[in-house]
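We did not get these values from a lab; they are worked out from the coordinates using the rules stated. Please read these numbers as outputs of a predicted model, since none were measured by experiment. Positions of Cβ are generated from backbone atoms using ideal geometry, with glycine treated the same way; all protein chains shown enter the neighbour counts.
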Amino acid sequence: MKYNLSVKEFLEKRKNGEIDYNDFYSTFLTNLKRKNKELRALRVISHSQKGDLNKGKLYGLPISVKDNICVKGVESCAGSKILEGYIPPFDASCISNVKKNSGAIIGKTNQDEFGFGTFSTNSGFDIPLNPLDKTRVAGGSSGGSAAIVAGLDMPHVSLGESTGGSISCPSAFCSVVGLTPTYGLVSRYGLIDYANSLDKIGVIGKTVYDTALLLSIIAGHDEKDFTTINKKAEDYTNYCGPDVPKKIKLGVPKEYFSDDIDKRIRDEVWNSIHYLESIGIDYEECSLKMTRYALPAYYIIAMAESSTNLAKFCGLRYGLQADPTENFNNYFSKIRSKGFGEEAKRRIILGTFARMSGFRDAYYLRAMKVRTLVIDEYKRLFKKYYALISPTMPIFPPKIKDVKKISPIQCYMSDILTVPPNLAGMPMISVPSSVPSVGIHIVADHLQEGRIIKIAYLLENRC
Amino acid sequence: MKVKIGLEIHVQLNTKSKLFCSCSTNSENSKPNKNICPTCMGLPGSKPALNKEALKKAMRLALALNCSFPKAIFFSRKSYFYPDMPKNFQITQYEIPIGKNGSYQLKNKKIGIWRVHIEEDPGKLIHKGGTIKTAQNVLIDYNRAGIPLCEIVTAPDFSSIEEVKEFLSGLISTLEHLRIYDPLNGSIRSDINISIMGGSRVEVKNVNGIKAVEHAIKYELSRQKNMVKIGKKIKMETRHFDADMGTTVSLRTKETEEDYGYIFEPDLTWIDLTKEFISDIKKNMPELPKEREKRFLKQYKISRSEASVICMNFRLAELFERVAKQVDAKLASKWLRTVLIGVLAYKNLSLRTAHIDEKKLIKALKLLESGEITEKTCKELIIKLVNGEKFDPANYVVEKRLKKVADKKELEKVIKDALKENKKAVSDYKSGQKEAIHYLAGQVMKKTGGRAEMRIVMERLKELLNSI
């Protein structure tokens, strides 16, 4: 096919005027629609973008967007029925940045409702399928983004979002690259909150270069998001090169290679570690003892925050509505019972419980302390190691029909490898290995995106 | 009878924009739901951005109330479902308020200030065609949602309505002196905790304004006293004050404290109150009422009680200082504090609500000071000013022939004429009927058309009569 190009090739050809954009764009839409029928990756396909798409760094590169990131004028539901019909009157800051650089927003991708899940099966709409095996899940919660990036052989990048691993997991399952930046590097303004102290907007792409490119565009301080970091803009594609950093050592946390992790996955990650060793990057086994506490702490904080975030959805001002003929308490309950899925209800109940007086100290406040300890432990390791390397997911993507059999706790446990760095706000990248659906996870210290991009690039381009 | 009263006061700070967005705070003069944006409407994806001006203003108040500052603050989410709350949680402060452990000195007592913190105001519910209990429809205006509120929580140290009144008027004067509150557009809402004789605590919620606080306490005290009298137990409950009826009605009985499930507000980070930041606030602290009172004693040589009364009313103090630049301070103090405020109070007005032409007021006081008009005429002029009549004091005095007989010779002649023409009264006085002097004085005032100063007429009459 004539537009079967990488993002890098697309940009070069566009720069040199070698592509008829209108022809490209209509071909793209045709292919996208066809592919989407197969994969159910996008909930909405929209192509209403105005303005000159020949300027900026992206030259009209198609960008899909996870449903929980607000795009002005395009229905944004965060995968939940309760927001059906909600059309944001503003763009998320990352969308403004993409548009400024002539990225073409082409639609909203399916996800677990509000990000509550690991397989995108908790979607209020369609469940995206894994292009590598359509009987299996694409992963979650940014499943639609990873599925369409993997399934569509055209230049395209997707904006995802991770709270506890929602970029890494589907990227690993669909064998694409998922980059989750440091908490606060990318503005969350316009992101429909799951857990504000954990949410990070990131990128899913076919190559490390693609993710580094889009990160360079969306990163940076934003006065609309108080938690953004005041850091100078950086071109992360500069780290996409074959040079090997000298005298560095990677940490291999032994807790991330326990018997609970599928042996085929462990073996494949070890192969990658040995490859890196062969090109001169040393490794050493280390220990992340706090890992066992990170998962419960994460779920308590995430659920406590999300239970407050979800309070605003009550059918009064936007989204799902009914005729309000009764008192507001009954009306709110009616709308919420109808609009929220089972997992959302579970998290509202658990999250509310964890912050009730009498339990608050034992759960919520203690979890906050654990988070500090987890960060401290990472910081200590990063004094010694350039980055940490491990598997992304402990399992292969389950079959969609089997997901029902997985208990909520088993499902939460499958986040065991991605949750600790997410809880600590560390940047991470999942890069495909040579085995389908197995991702290599690389984690570095706060604001060291350059390091994870570097290592991922070396693995991606291994000979 | 032992009475314990504590107050939780919510003051709207006079910032230009709301606490977490750039919407205007001028909600009173706008159409409903005009001053709103994604943030104050809590639209999905919106985020709060702190208005530092509100923080600074609240810190001034905390300083004025002798509170101590923490090293850093953060905000919390207080969760409860209510239609006037766009997010169904309120961003407020819980664990670490801006100020705590402060105090306020009344004349005879110190009132503990437990905490001072900032939070966002909810929207406003309008109960169409009825009350909170009877209205068929409720409208919601979110213009108010997100306006910065400063909450002041006192210890239950008040034991009478008088103490509460003294505190509240002092607090309002302090707020105005700090330039953080606009009494015309900003509201003050109080929750009042009242218990008598060690009984259960009753909370009266959302009492609007200062007068209403007085009425609510008065009603609640007598209600509780009657309960005790007839041997009934006072329940721990929350009551609503009906301003029209002047009564309180039960909203709900409290089994336990409400559980708001507080968590940290994760969209706002810790905010350091650095030494530099605090010292900057201290440096820019406006003069407080009590400091002003001290300065008035020195600068204007007026009495302590005069200075105290003036400084308890910010606008009066401002007016006084401007007037005292042109008129003798003691005269200004007396006439503004007693006559002007008295006339205003009689008309149910205040310096906030009445528009008084200050230049004309100063002209009138100058005419009095220079002896051109009598005190009676001066008061007449002030009444006209309060009524908002259009006139020039100097011209008016001439036109209405109100100019005082200031010329000593002229007055002397009138007095002597009166003595000549009223021989009987003179002899009555000389024979011991001292009250005859009043008749003589009356004759003098009649001849001058009331333009003579009674005090001077009496003095001169006495002298002349005694010399005969």
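Here the stretch A:1-66 is treated with +1 on each Lys and Arg Cβ and -1 on each Asp and Glu Cβ, and its dipole about the Cα centre works out to around 380 debye.
For A:Lys405 and A:Ser26, what does the FRET efficiency come to when R0 = 45 Å and r is the distance between their Cβ atoms, rounded to the nearest 0.05? Intermediate results must be reported in sequence, preceding the final value.
Working: r = 43 Å, r/R0 = 0.96.
Rounded to the nearest 0.05, the efficiency is 0.55.
Taken as Cα centroids, the stretch A:273-335 and the stretch B:84-103 sit 25 Å apart, rounded to the nearest whole angstrom.
Provide the gained length on full extension for the span B:Lys298 to B:Glu435, in nm with one decimal, where the gain is 0.36 nm per separating residue minus the Cα-Cα distance. Taking 0.36 nm per residue and subtracting the Cα distance, the gain is 45.0 nm.
Within the stretch A:18-112, the trypsin sites (Lys or Arg not before Pro) that combine a DSSP coil assignment with at most 13 other C-beta atoms in a 10 angstrom radius are A:Lys50, A:Lys55.
Under the simplified labelling scheme, the B:Ile468-A:Lys8 pair shows an inter-label distance of 12.4 nm, with each label point 7 Å from Cα along Cα→Cβ. Taking every residue in A:353-359 and counting other chain Cβ atoms within 10 Å of its Cβ, the average works out to 3.
Shown is the FRET efficiency for A:Lys369 and B:Lys109, computed with R0 = 45 Å from the Cβ-Cβ distance and rounded to the nearest 0.05: 0.60.
Is there a pair in A:Lys379/B:Lys100; B:Lys4/B:Lys78; B:Lys57/B:Lys78; B:Lys347/B:Lys447 whose C-alpha atoms are over 29 Å apart, and which pairs would that be?
Going by Cα-Cα distance, A:Lys379/B:Lys100; B:Lys347/B:Lys447 fall outside the 29 Å limit.
Go ahead and run the numbers for FRET between B:Glu375 and B:Lys282, Cβ-Cβ distance against an R0 of 45 Å, rounding to 0.05. List each step's numbers first, then the result.
Values: r = 45 Å, r/R0 = 1.00.
Calculated value: 0.50.
Residue exposure proxy: B:Asp191, B:Asp121, ordered by other Cβ atoms within 10 angstrom of their Cβ from fewest to most, comes out as B:Asp191, B:Asp121. Excluding same-chain neighbours fewer than eight residues apart, the aspartates and glutamates reachable from B:Lys413 by a Cα-Cα span under 19 Å are B:Glu372, B:Glu421, B:Glu453, B:Glu459, B:Glu463.
Basic side chains Lys and Arg get +1 at the Cβ, acidic Asp and Glu get -1 at the Cβ, and with that the dipole of the stretch A:375-463 about its Cα centre reaches some 160 debye. For helix B:52-64, what angle does its Cα long axis make with the longest principal axis of chain B, in degrees from 0 to 90 and rounded to 10? With rounding to tens, the tilt is 60 degrees.
With neighbour counts taken as other beta-carbon atoms within 10 Å, the residues B:Thr274, B:Thr39 rank, fewest first, as B:Thr274, B:Thr39. Between A:Glu223 and B:Lys384, the modelled label-to-label distance comes to 5.4 nm, taking each label 7 Å out from Cα in the direction of the beta carbon. Each Lys or Arg adds one and each Asp or Glu takes one away; over the other residues whose Cβ falls under 11 Å from the Cβ of A:Cys240, this sums to -2. Only one residue of B:Thr238, B:Gly371, B:Tyr346 has its Cα farthest out toward the positive end of the dipole of the stretch B:238-375, where Lys and Arg carry +1 and Asp and Glu -1 on Cβ, and that residue is B:Gly371. Annotation: for a label point projected 7 angstrom from Cα along Cα→Cβ of B:Lys16, residues of the stretch B:118-155 with backbone N closer than 20 Å are B:144-149.
First select every other residue whose beta carbon is under 11 angstrom from the beta carbon of B:Ser190; then total the charges, Lys and Arg +1, Asp and Glu -1. Could the numbers behind the result be given before it?
On the way: positive: B:Arg189, B:Lys205; negative: B:Glu8, B:Glu151, B:Asp191, B:Glu203, B:Glu214.
Net charge in that neighbourhood comes out at -3.
Please give the helix B:454-467 orientation as an angle from the longest Cα principal axis of chain B, in degrees from 0 to 90, rounded to the nearest 10. In chain B, helix B:454-467 runs at an angle near 30 degrees to the longest axis.
Picking from A:Ala146, A:Phe257, A:Pro242, whose Cα lies most toward the positive end of the charge dipole for chain A (charges on Cβ: Lys, Arg +1; Asp, Glu -1)? Farthest along the dipole direction, towards plus: A:Ala146.
Sort B:Met227, A:Met303, A:Met393 by Cβ crowding within 10 Å, fewest neighbours at the top. Mind dumping the intermediate values first?
Working: B:Met227 16, A:Met303 25, A:Met393 28.
Going from least to most buried by this count: B:Met227, A:Met303, A:Met393.
Distance between the modelled labels on B:Lys31 and B:Ala243, one decimal in nanometres: 2.5 nm (7 Å Cα→Cβ projection). About the centre of its Cα atoms, chain B shows a dipole size close to 1600 debye [charges on the beta carbon of Lys, Arg (+1) and Asp, Glu (-1) only; nearest 20 debye].
Past 20 Å, Cα to Cα, is the threshold; run B:Lys379/B:Lys462; A:Lys81/A:Lys338; B:Lys211/B:Lys294 against it and keep the listed order.
On the way: B:Lys379/B:Lys462 27 Å; A:Lys81/A:Lys338 8 Å; B:Lys211/B:Lys294 28 Å.
Distance filter (> 20 Å) returns B:Lys379/B:Lys462; B:Lys211/B:Lys294.
Candidates A:Ile95, A:Ser46, A:Val65 compared by Cα position along the dipole of the stretch A:46-136: farthest toward the positive end lies A:Ile95, with charges placed on Cβ.
For the protein assembly as shown, what does the helix formula give at 222 nm: sum of -39500 (n - 2.57) over DSSP H segments with n ≥ 4, over the residue count, nearest 500 deg cm²/dmol? Walk me through the numbers on the way to the answer.
Numbers: 30 runs with 346 residues, N = 931.
Theoretical 222 nm ellipticity from helices: -11500 deg cm²/dmol.
The mean number of Cβ atoms from other chains found within 10 Å of a Cβ in peptide A:184-191 is 3, as a whole number. Measure up B:Lys16/B:Lys128; A:Lys231/B:Lys87; A:Lys99/A:Lys200 against 25 Å on the Cα-Cα distance and list the ones that go over. Violating the 25 Å limit, Cα to Cα: B:Lys16/B:Lys128; A:Lys231/B:Lys87.
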